Each structure stands twice: as C-alpha cells, then as structure tokens.
Amino acid sequence: MGRRYYCDYCDVSFPDSKEGRRKHNDGLVHQRMKDAHFKQFADSRTRLAQELQKTPCRRFLQGIPCMFGDDCRFSHLWPYEVEQLRYSAQMEEMASVKLPSQLLKNEQPIEDFVKRIETLVKEKEVEATKSNSQAWSQFETTENVVRSTCVIHFTTRIENMVLRHIRAKLNH
C-alpha cells in the first residue's frame, strides 16, 4: 500500500501524488471547507466588510430556506445582525487603539522615588522612637517596603542604589 495524503480541512485521505493533491486542492469541496475553516477565525471588521459588500438574499428575507446556505453569494444577515456586527467591529477597534495617555510611560522620575523613600524612612524612624523598638527590626521593615516598591518600578541596580542610600541615612 502506497503513501496516503490526509487533508485536515476535508477530513479525507487519498493516495499521495502530485496530480492527486492538485485535483483535491482545486476541487470545490476542498475550497469550501478551507474557506469555512478560515471564516470562523475572521475578526468582526473583516466579516462586516464582507457582509456589506453582499446584497441581501431574497429567498432568505422572504423566509424561504436558501439552498446555498453558508455558500450563498448573498448576505444571510438581518439588519439588526448587521448592526450588531458593526458594533462588535467598533468595540474591537476601540480595544486595539491606544490613547495618547496610554502610550506615555507612567514611570516616575528617580528623584521623586528617592524622596518618597526618604519620607517613608523618616516616618519609620519617628515610629521607632515613639515605640522604642529595635532599630534592626525597623530597618528590615523599611527594606521590605523599598524592595516591594522597587520591584514594581525599577531594576535591581537602582534598587541596590536606593538601599545603600537608606542604609547611609539610618546609620547617621
């Protein structure tokens, strides 16, 4: 038994030859199955553009079953379905477009970050003197605050620089 070719679109297999593949791929059934496969992955904008190019199917609008079904060259959508498709296409487009404010990076300058950390350290120092707790436990809390903030906004190199700055402030 010779090699066989399996077509995923049509779910059929046949003897593998150049002529056999060409005949199958050029066949109407294969073309329809392939189009149906790719049609299910089309976005709303593409489907809307295709449907707007088609004229309404008279048989479908009269309530008579169209013998061509999905392969009909005319549109089988009611006007409200076209509006739903238009709305869906607009929503997809709005989701894909970024606003100018979204294009700007929301990262704060390093100077603002250092000032924020310094104020946190001062607040922790004030709390430490009020509660007479050990300086080391207070330092660990401050270090954890700095680490969690740095992970969100900055690289490890900047984190180490800020930690050295805080250690120097705490040693004074």
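Before moving on, here are some points about what is shown:
- For region 1-52, the candidate set comprises residues that are among the small types (Gly, Ala, Ser) and closer than 30 Å to ALA89 by Cβ; within that set, the residue that is least open to solvent (accessible area, probe 1.4 Å) is SER44.
- The helices (runs of 4 or more DSSP H) located wholly in region 25-81 that include 1 or more residues which are over 29 Å from the mean Cα position of the chain (by Cα) and among the aromatic types (Phe, Trp, Tyr) occupy 58-61.
- Check on LYS98, touching a helix residue (DSSP H, G or I) at 6+ places or on another chain (Cβ under 6 Å) and at pLDDT below 75: no
The values are calculated or read from the model by the stated rules, or taken from the named source; none is laboratory data. Worth saying up front: this structure is predicted, and the values here are computed from it rather than measured. Glycine gets a Cβ as well: all are built from the backbone with ideal geometry, and neighbour counts include every protein chain shown. Surface accessibility is based on the protein's heavy atoms, side chains included, excluding ligands, DNA and RNA. Shrake-Rupley method; radii C 1.70, N 1.55, O 1.52, S 1.80 Å.
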